[in-house]
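The structure under discussion appears below in the form of structure tokens.
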Amino acid sequence: MDRRLPRADVLLAIMGPPHISDMVTSAVRLAQALLERGATVHIWTCGHATGLTSAALGDSKPRNVVNWSYDYPSGAALAAELLDAFPDRLSWYSCRFCTEERGSAPHIARIKQRPPFKFTEHLDAVDSALFLGVC
Amino acid sequence: MDEYLLIESQGPWGGPGADRFVADATRLRRAGHRVALFLVENGTSAAFTGADEALRELLEAGGQVWVDAFSTTHRAFAPDRLLPGARLVDMDEVAGKLLEPGVRGVWH
Amino acid sequence: MSEDGRRRLLIIERAYRGALETQFADVLYLARELNRQQGGTDILLRGLAVTYAAAGARPAPTVVAGGRTVDTLPDPRRSVRTLIEEGAVIWAEEDDIALFGTGPDWLLPGVRRGGPSNPLPAWSTYRGVYFL
């Protein structure tokens, strides 16, 4: 079996923690813009960003007590939306070590766990890589 | 000569690193490289205070300053306070630049 | 309000955190709940957070993820208006307003200016001071 990574135009490595800045918002916006242009994209998450695709999140955020019946999508639901819309051009990887360390397992379907000692393979597989934040 | 797309996401309230990153952009430009600095998230704030010398230096050196329109709207920054010479852009334009062959992207 | 009648002061200076992750549950959602629990609280906006109190700002933008448009990003201007309606006292620091404001009408009605030419909230008069 060929274990080589697929090539991609851009890797967005989300290294920093969500919730302390608008980094994840920017990552989703940039991924969407790249994919709408027909590019191929890899997303890698490290640290607490591995929790973005934790299956435990479900499809919706906890209820808003002042807008009880409104549905607010979870991070996992938005990742699934991206993967559904661009199944052949988006690959989403999550660091296996961070996933275990931060309790993010199990992930939703289609999230591929990779060991951190393989990370340079991900850098080699793309034309351009951006590191968003720091672990 | 290389071409850089440098992305500043933190801005003055994120600590001194933002100015250092803009200085990196100016240094690269003065070394002869093409440089576009894209301000996004709180990084956009530097383009609206009227007090950011580091951005002025980059513009004077011939660099470009792009400012994310989405972040600007979300932060209620007044477009008429935008630093002269800087330009509001959307994420599609940023994606297009990043996909140009040879463009080196760096996120701060 | 606390047992001794003194309010608490909440200071917000780290603004715009996790729009897509937090959506409705941003720092002002927490402030609103604390205001409810305490029967009134004071909130000081500092740094970039003074833009939470900008009047006339456009609604929060939307984000597209795949085929879904997310129209539930935080809307801090609306949240500040709600806090005022619910009895919170909102302050914004003048030095920071000067960086982003466009004139006397820039600030939401009901928000108090604090800074060089107006008194800031006096910390010692509060039961506690907390940075959110």
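May I ask you to list the residues in segment A:31-52 that are in contact (Cβ under 8 Å) with a residue 24 or more places away in the chain and part of a helix (DSSP H, G or I)?
Step one: list which residues in segment A:31-52 are in contact (Cβ under 8 Å) with a residue 24 or more places away in the chain, which gives A:31-32, A:34-35, A:38-52.
Within segment A:31-52, A:A31, A:Q32, A:L34, A:L35, A:G47, A:H48, A:A49, A:T50, A:G51, A:L52 meet the criteria.
Just so you know, in segment C:65-76 the residues that are surrounded by fewer than 18 Cβ atoms within 10 Å (Cβ to Cβ) and assigned to a strand (DSSP E or B) include one that is farthest from the chain's Cα centre (by Cα), and it is C:R68. All conditions in (1) in contact (Cβ under 8 Å) with a residue 12 or more places away in the chain; (2) surrounded by fewer than 20 Cβ atoms within 10 Å (Cβ to Cβ); (3) in contact with a helix residue (DSSP H, G or I) (Cβ under 8 Å, 6 or more places away or on another chain) hold for A:F119, with the sole exception of (3). One residue stands out among those in segment B:30-83 that are more than 27 Å from C:R78 (Cα to Cα), part of a loop (DSSP other than H, G, I, E, B) and hydrophobic (A, V, I, L, M, F, W, C): the one that is nearest to the chain's Cα centre (by Cα), which is B:L83.
Applying the set (1) modelled with pLDDT of 95 or more; (2) among the aliphatic types (A, V, I, L, M); (3) over 30 Å from A:R89 (Cα atoms) to C:V64 leaves exactly one unmet item: (3).
Can you confirm whether B:G96 is modelled with pLDDT of 95 or more and either in a helix (DSSP H, G or I) or on the phi > 0 side of the Ramachandran plot (or both)? First the steps, then the outcome.
Working: modelled with pLDDT of 95 or more: yes; either in a helix (DSSP H, G or I) or on the phi > 0 side of the Ramachandran plot (or both): yes.
Against the criterion (modelled with pLDDT of 95 or more and either in a helix (DSSP H, G or I) or on the phi > 0 side of the Ramachandran plot (or both)), B:G96 qualifies.
For beta carbons closer than 6 Å, sequence separation of 6+ or different chains, a first residue in segment C:3-22 that is away from chain A (no Cβ under 13 Å) and a second that is among the aliphatic types (A, V, I, L, M) and surrounded by 20 or more Cβ atoms within 10 Å (Cβ to Cβ), the qualifying pairs are C:L10/C:A31; C:L10/C:I43; C:I11/C:L44; C:I12/C:V27; C:I12/C:L45; C:I12/C:A49; C:E13/C:A49.
Any residue that is away from chain A (no Cβ under 14 Å), over 30 Å from A:W92 (Cβ atoms) and assigned to a strand (DSSP E or B) - is there at least one of those in segment C:93-111? Yes, there is a match, as at least one residue in segment C:93-111 is away from chain A (no Cβ under 14 Å), over 30 Å from A:W92 (Cβ atoms) and assigned to a strand (DSSP E or B). Every test in (1) over 20 Å from B:A95 (Cβ atoms); (2) more than 15 Å from the chain's Cα centre (by Cα); (3) within 14 Å of another protein chain (Cβ to nearest Cβ) is passed by A:E100 save one, and that test is (3). Note down all Cβ pairs under 6 Å where the first residue falls in segment B:65-88 and is at the interface with another protein chain (Cβ under 10 Å from one of its Cβ atoms), the second is surrounded by fewer than 21 Cβ atoms within 10 Å (Cβ to Cβ), and they're at least six residues apart or on different chains. Taking only residues 6 or more apart or on different chains, the pairs are B:A69/B:L88; B:A69/B:D90; B:F70/C:P61; B:T73/C:R58; B:T73/C:P61; B:H74/C:P61; B:A78/C:T102.
When C:W91 is tested against the conditions (1) under 20 Å from C:Y126 (Cβ atoms); (2) surrounded by fewer than 20 Cβ atoms within 10 Å (Cβ to Cβ), the lone failure is (2). Within segment A:74-91, at least one residue is hydroxyl-bearing (S, T, Y) and within 12 Å of the chain's Cα centre (by Cα).
Select from segment B:1-37 the residues that are of a type in the set (S, T, Y) and under 28 Å from C:G47 (Cβ atoms) and write down the one among them that is farthest from the other protein chains (Cβ to nearest Cβ).
B:T26
Taking segment C:112-132 as the range and being in a strand (DSSP E or B) and surrounded by 14 or more Cβ atoms within 10 Å (Cβ to Cβ) as the test, the residues that pass are C:R112, C:R113, C:G114, C:G115, C:V129. For segment C:46-63, the criterion of being within 21 Å of B:F70 (Cα to Cα), of a type in the set (S, T, Y) and free of Cβ contacts under 8 Å to residues at least 12 places away in the same chain is met by at least one residue. Among the numbered conditions (1) more than 9 Å from chain C (Cβ to nearest Cβ); (2) more than 19 Å from C:A55 (Cα to Cα); (3) without any contact (Cβ under 8 Å) to a residue 40 or more places away in the chain, the only one that B:N42 does not meet is (1). Looking at segment C:26-62, which of the residues that are farther than 18 Å from A:I20 by Cα and part of a strand (DSSP E or B) is farthest from the other protein chains (Cβ to nearest Cβ)? Top of the filtered list is C:D42.
Given the condition over 18 Å from the mean Cα position of the chain (by Cα) and buried (at least 23 other Cβ atoms within 10 Å of the Cβ), answer yes or no: does some residue in segment C:27-36 qualify?
Of all residues in segment C:27-36, those over 18 Å from the mean Cα position of the chain (by Cα) come to none.
Looking for residues that are over 18 Å from the mean Cα position of the chain (by Cα) and buried (at least 23 other Cβ atoms within 10 Å of the Cβ), one finds none in segment C:27-36, hence no.
Just wondering, is there one or more residues in segment A:57-67 that are within 28 Å of B:M91 (Cα to Cα), away from every other protein chain (no Cβ under 14 Å) and not in a helix (DSSP H, G or I)? No. Being in a loop (DSSP other than H, G, I, E, B) and touching a residue at least 12 places away in the same chain (Cβ under 8 Å) holds for only one residue in A:S104, A:S94, and it is A:S104.
The values are calculated or read from the model by the stated rules, or taken from the named source; none is laboratory data. As the structure is a prediction and not an experimental result, all values here were calculated from the model. Heads up, the Cβs are rebuilt from the backbone with ideal geometry, glycines too, and the neighbour counts pull from every protein chain shown.
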